[in-house]
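S.K.: Structure in structure tokens, see below.
The values are calculated or read from the model by the stated rules, or taken from the named source; none is laboratory data. This is a predicted model, so every value here is computed, not measured. Neighbour counts run over all protein chains shown; Cβ positions are idealised from the backbone, glycine included. Each accessible area value is taken on the protein alone, full model and side chains, heavy atoms only, with ligands, DNA and RNA left out. Shrake-Rupley method; radii C 1.70, N 1.55, O 1.52, S 1.80 Å.
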Amino acid sequence: MSQKISLTRYLVEQQRQDGHIPPELRLLLEIVARACKSISQAVNKGALGGVLGTAGSENVQGEVQKKLDIIANEVLIEANEWGGHLAAMASEEMDSIYLVPNRYPQGEYLLLFDPLDGSSNIDVNVSIGTIFSVLKKPEGSAAVEEKDFLQAGNKQVAAGYCVYGPQTTLVLTVGDGVAMFTLDREQGSFVLTEENVQIPADTKEFAINMSNMRHWDEPVKRYIDECLQGKEGPRGKDFNMRWIASMVADVHRILTRGGVFMYPWDKREPQKAGKLRLMYEANPMSWLIEQAGGAATNGRQRILDLQPGKLHERVSVVLGSKNEVERITAYHLEPK
Ligand code: AHG
Ligand code: MN
Ligand code: MN
Ligand code: MN
């Protein structure tokens, strides 16, 4: 029987390979994985755990918070604040950054997360997840401020998500490809089940919320219209559509079998670049997709090169199979 490789062993071996990840980063990732395991246990209880439904509060995004949004946020804060590997955290569910309390040692990393992604699926028992991104605190001893988080996605030192579906699967990159770990509930540990994940460059599957079609910009309408024409149309092949409305589940499908995911700008809120958040949704997912051979743009530019201006800023997202992303991006760049 092939030996089971645990997350810890994978990270220790990454650490040994040309010092790919320092011990502090390994510790951070193991703690985040343990927090995701706790969140998975809460998710799996559902109604039995009193975790469904709304909390009656609103977050900085103007969204009604679900109980699990808050529970997952608290689990991640409590798991990470005492370890000495972090200086501060930022979350979709918190207006401003969270500084590690002075009673704990300060570390050199910044952790950003979407504690519960896909909240609209919580009460209908559809896959949801947690997304996380790790940056290094800028040099200098001054206390961390929000501006220290405003680093482009190409500065990430680790990124990943945990999808709470039929399996609980942690997907991670530290810049050396993408690995997937499935939670072995009997052992209580994440076991390596895929590594060097590769996304096919072509696909016949797109993911977009079609109900927003009338609000899209022309290049997106053109791309989707061509897909819908099937093999009689300019693409010469039939397409399939998937939309789970949990980014983690849609991205997991794309990492597993290819596809293209789009949450484009639309004219409902023209001042917002899109619905998804750059720092803790688009950046970590874009790095994972690129590390698996895919591409990720905002329709015009590589997402990982975007310089953030605000912690909770939004971005238009096109990611997945490289050739499709390049086609969609080319449509956006064509002179009007
Ligand atoms: P969150 O639940 O963290 O706020 O994120 C939800 C996001 C993302 O997961 C998903 O792709 C998208 O919202 C779905 O949006 P629609 O419900 O508008 O389709
Ligand atoms: Mn939300
Ligand atoms: Mn989200
Ligand atoms: Mn969320």
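S.K.: Roughly what % antiparallel, to the nearest 5, for the DSSP beta bridges in the chain?
M.R.: Beta bridges within the chain, antiparallel portion: roughly 85 percent.
S.K.: How high is the relative contact order of the range 1-133? Use alpha-carbon pairs under 8 Å, at least six apart in sequence, and give a whole percent.
M.R.: RCO, the range 1-133: 18 percent.
S.K.: List the aspartates and glutamates whose Cα sits under 18 Å from the Cα of LYS231, skipping any in the same chain fewer than 8 residues away.
M.R.: Filter leaves ASP202, GLU205, GLU324.
S.K.: Once you charge only the Cβ atoms, +1 for Lys and Arg and -1 for Asp and Glu, what is the size of the charge dipole of the chain about its Cα centre, to the nearest 20 debye?
M.R.: 540 debye
S.K.: What is the local net charge at VAL325, summed over the other residues whose Cβ is closer than 12 Å to its Cβ (Lys, Arg +1; Asp, Glu -1)?
M.R.: Once all neighbours under 12 Å are counted, the net charge is 0.
S.K.: Quote the relative contact order of the range 177-224 in percent (integer), defining contacts as alpha-carbon pairs under 8 Å separated by 6+ residues.
M.R.: 26 percent
S.K.: So for the range 159-275, taking the charge dipole from beta-carbon charges (+1 Lys/Arg, -1 Asp/Glu), which of ILE208, MET247, THR182 sits furthest toward the positive end?
M.R.: Toward the positive end, the furthest listed residue is ILE208.
S.K.: Over the range 188-331, with the other protein chains present, what is the accessible area per residue in square angstrom, probe 1.4 angstrom?
M.R.: For the range 188-331, the per-residue accessible area is 41 Å².
S.K.: Additional query: Only four residue types carry charge here, +1 at the Cβ of Lys and Arg and -1 at the Cβ of Asp and Glu. Report the dipole size of the range 1-111 about the Cα centre in Debye, rounded to the nearest 20.
M.R.: I would put it at about 620 debye.
S.K.: Further question: Counting only protein heavy atoms and using a 1.4 Å probe, what share of the accessible area of the chain belongs to carbon plus sulfur, as a whole percent?
M.R.: 50 percent
S.K.: Taking only the alpha-carbon atoms of the range 196-274, what semi-axes of the equivalent ellipsoid follow from 5 times the gyration tensor eigenvalues under a square root, in whole Å, largest first?
M.R.: Taking √(5λ) for each Cα gyration eigenvalue gives 22, 18, 10 Å.
S.K.: List the trypsin sites (Lys or Arg not before Pro) within the range 168-235 that fall in a DSSP loop (any state other than H, G, I, E or B) and whose Cβ has at most 14 other Cβ atoms within 10 Å.
M.R.: Those satisfying the criteria are ARG185.
S.K.: Write out the GluC sites (Glu not before Pro) in the range 69-120 meeting two conditions: DSSP loop, and at most 10 other Cβ atoms within 10 Å of their Cβ.
M.R.: none
S.K.: Okay, next question. Among HIS312, MET285, GLN229, whose Cα projects farthest towards the positive end of the dipole of the range 199-336, with charges put on the beta-carbon of Lys, Arg (+1) and Asp, Glu (-1)?
M.R.: So the residue we want is HIS312.
S.K.: On to the next question. Probe radius 1.4 Å, ligands and nucleic acids left out: which of TRP287, TRP82 has the largest accessible area, and how do the rest follow?
M.R.: TRP82, TRP287
S.K.: Where the Cα atoms of the chain are projected onto their three principal axes, how long is each span, largest first, in whole Å?
M.R.: Computed over the chain, the largest-to-smallest principal extents equal 63, 51, 46 Å.
S.K.: Right, another one. Between the alpha-carbon centers of the range 33-58 and the range 136-158, tell me the distance in whole angstrom.
M.R.: Centre-to-centre distance over Cα atoms comes out at 30 Å.
S.K.: Between ALA273, ALA42, ALA142, find the one with the highest GNM mean-square fluctuation for the chain; connect C-alpha pairs within less than 10 Å.
M.R.: ALA142
S.K.: A 30 angstrom limit on the alpha carbon distance is what I want to check against. Which of LYS66/LYS147; LYS155/LYS204; LYS4/LYS137; LYS67/LYS275; LYS147/LYS221 exceed it?
M.R.: Pairs exceeding 30 Å: LYS155/LYS204; LYS4/LYS137; LYS147/LYS221.
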